[in-house]
Amino acid sequence: MTIVVGAGLAGLTCAKVLAEAGRTFVLLEATSRPGGRVVSDRTPDGFVLDRGFQVLLDSYPAARRHLDFAALGGGRFRTGALFVGRGVPRALENPLRRPTSACAALRGDVLSWPDQWRLLCLAARSLLPPGARDVSADEMLHARGFSAEFFRLFARPFFGGVMLDPSLQVSGNLLMGYLRRFVTGAAILPGEGIGALGRQLADLLPEGGVRYGAPVESLSMREGRVVGVRLRGGENLEGDSVVLAVDEPAMCRLLEKDTPREALGTAVHYFASSRSFYEGAWLCLPPRDEASPILHAAQVTNAARSLAPAGWHLWSVTVLPGHTLARDTEKISAEVAGWFGAEVCGLRHLAFVEVPYAVPRQEAGSYVRHRGDVPPGFIVAGDAVCGASIDAVMASGEEAAKKVISTRAAN
């Protein structure tokens, strides 16, 4: 039997591949539901709130192998952004995906023509293999000659929002990987929130394959080999192999070695509105201003109407969790309403969702943490050993299952 620890997307994908191969397994999850950090909550009045602004890109190959995109429902964002906070909102769409948008881009009233050309070249470069030398995203973009306005209007609110680091000190190769997926695909919001991904994967597993409320306290070793786990309540489980698909702090604790990388967090305010502030499924990008806590925002019901009850619209406003005004709902709602010349009273605050540990910091040259020194019988999956995107963690779970299957076949 294989023991999989953690029912996040990596552990669920691993369990799915094992089940499809006819392998016996048990998936242990400390909480009461699947998905790990990719979960959603429904309010009593029918709003679906994700744990942070998260989207699924339809260009993710591992996700396409394991998820039924059509069954997720919802809708897609436009392949561009709505630039707000400088007068009349202006939309700019990717001309590689929608050639008819080229005329709007040529006006140059959002991003300058030189910056648009540099961005087009960067998008084309993202389709090629990554360079051997990895530098920070900030250094990479400066080296390509992007202007200070480009950083303020696009790079820090968009790329910084995607990677949860507006300073752009994360890996440049990682940024290029994300850009490749955005260039070749569209961002999806499932109709029941991002948590639908974990629920769909869990529903594909055999009955009894997942044990919820089963936190793992320690690994069981025998003659230098991992042979099972000990649960917090004292129960011991033995298996031929153990797949650890948990976050990096939990991994370091269970392995009793190393220090986890610094965490990057995120925070989101949710607002309800009885009227629509704008048309089209756009991500709103305000100019990056240190005085403002807002990174980006979206009226998410423009992409997935089912995220709010009939007659209502749902806003997701991502803020910098460490900002002094991050919890100031009046300031934030006034800023969002001001983009559209709307009344502040049109936004009703629903919730503030803070996620202190969203992803590990993924710096240049080290955004993938290798784990070649683990004991026999033990495999690590998840963003402790790969990039932190939905697709990367699902691919790591798939690869972990294949290792289990190939090892057993060899024996």
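Quick notes
- Residue match in region 18-37 (condition: free of Cβ contacts under 8 Å to residues at least 24 places away in the same chain and either closer than 26 Å to Arg232 by Cβ or assigned to a helix (DSSP H, G or I) (or both)): yes
- Among the residues of region 296-311, those that are touching a Phe, Trp or Tyr at 6+ places or on another chain (Cβ under 9 Å) and surrounded by 17 or more Cβ atoms within 10 Å (Cβ to Cβ) comprise His296, Ala297, Ala298, Gln299, Val300, Thr301, Asn302, Ala303, Leu307, Ala308.
- In region 186-204, residue surrounded by the most Cβ atoms within 10 Å (Cβ to Cβ) [restricted to those that are under 16 Å from Ser389 (Cα atoms) and out of contact with any helix residue (DSSP H, G or I) (no Cβ under 8 Å at 6 or more places or on another chain)]: Ile194
- Gly365 vs. criteria modelled with pLDDT under 95 and more than 27 Å from the chain's Cα centre (by Cα): no
- Sole residue being touching a Lys or Arg at 6+ places or on another chain (Cβ under 9 Å), in contact (Cβ under 8 Å) with a residue 60 or more places away in the chain and either closer than 18 Å to Thr266 by Cβ or surrounded by fewer than 21 Cβ atoms within 10 Å (Cβ to Cβ) (or both), chosen from Val216, Val183: Val183
- Qualifying residue in region 267-284 (condition: surrounded by fewer than 22 Cβ atoms within 10 Å (Cβ to Cβ), out of contact with any His (no Cβ under 7 Å at 6 or more places or on another chain), under 21 Å from Leu72 (Cα atoms) and assigned by TED's automatic domain parsing to the domain that holds Gln169): yes
- So Glu330, is it at pLDDT 95 or above, under 18 Å from Asp247 (Cα atoms), of a type outside the set (Lys, Arg) and surrounded by fewer than 18 Cβ atoms within 10 Å (Cβ to Cβ): no
- Residue in region 114-127 that is in the same structural domain as Val84 (by TED's automatic domain parsing), outside any helix (DSSP H, G or I) and more than 18 Å from the chain's Cα centre (by Cα) present: yes
- When Leu120 is tested against (1) crowded, with 18+ Cβ neighbours inside 10 Å; (2) aliphatic (A, V, I, L, M); (3) out of contact with any Ser or Thr (no Cβ under 9 Å at 6 or more places or on another chain), only condition (1) is not met.
- All of (1) within 30 Å of Ala267 (Cβ to Cβ); (2) surrounded by fewer than 20 Cβ atoms within 10 Å (Cβ to Cβ); (3) of a type in the set (S, T, N, Q) hold for Ser40 with one exception: (2).
- Residue list for region 238-253, restricted to those being surrounded by fewer than 19 Cβ atoms within 10 Å (Cβ to Cβ) and not charged (D, E, K, R): Pro249, Cys252
- Any hit, region 3-24, residues being surrounded by 15 or more Cβ atoms within 10 Å (Cβ to Cβ), among the aliphatic types (A, V, I, L, M), at pLDDT 95 or above and closer than 28 Å to Arg305 by Cβ: yes
- Remark: pairs (first residue in region 54-68, assigned to a loop (DSSP other than H, G, I, E, B); second residue at pLDDT below 95 and polar (S, T, N, Q); Cβ separation under 8 Å; 6+ apart in sequence or on different chains) = Ser59/Thr184; Tyr60/Ser389.
- Condition met for Gly322 (modelled with pLDDT under 95, assigned by TED's automatic domain parsing to the domain that holds Ala10 and among the small types (Gly, Ala, Ser)): no
- Matching residues, region 240-257, being within 30 Å of the chain's Cα centre (by Cα), assigned to a loop (DSSP other than H, G, I, E, B) and in contact (Cβ under 8 Å) with a residue 60 or more places away in the chain: Ala245, Val246, Asp247
- Exactly one residue out of Ala297, Ala303, Ala291 is in contact with a Gly (Cβ under 9 Å, 6 or more places away or on another chain) and outside the structural domain of Ala381 (by TED's automatic domain parsing): that is Ala303.
The values are calculated or read from the model by the stated rules, or taken from the named source; none is laboratory data. Here the structure is a predicted model, which is why all the values come from computation and not from measurement. Positions of Cβ are generated from backbone atoms using ideal geometry, with glycine treated the same way; all protein chains shown enter the neighbour counts.
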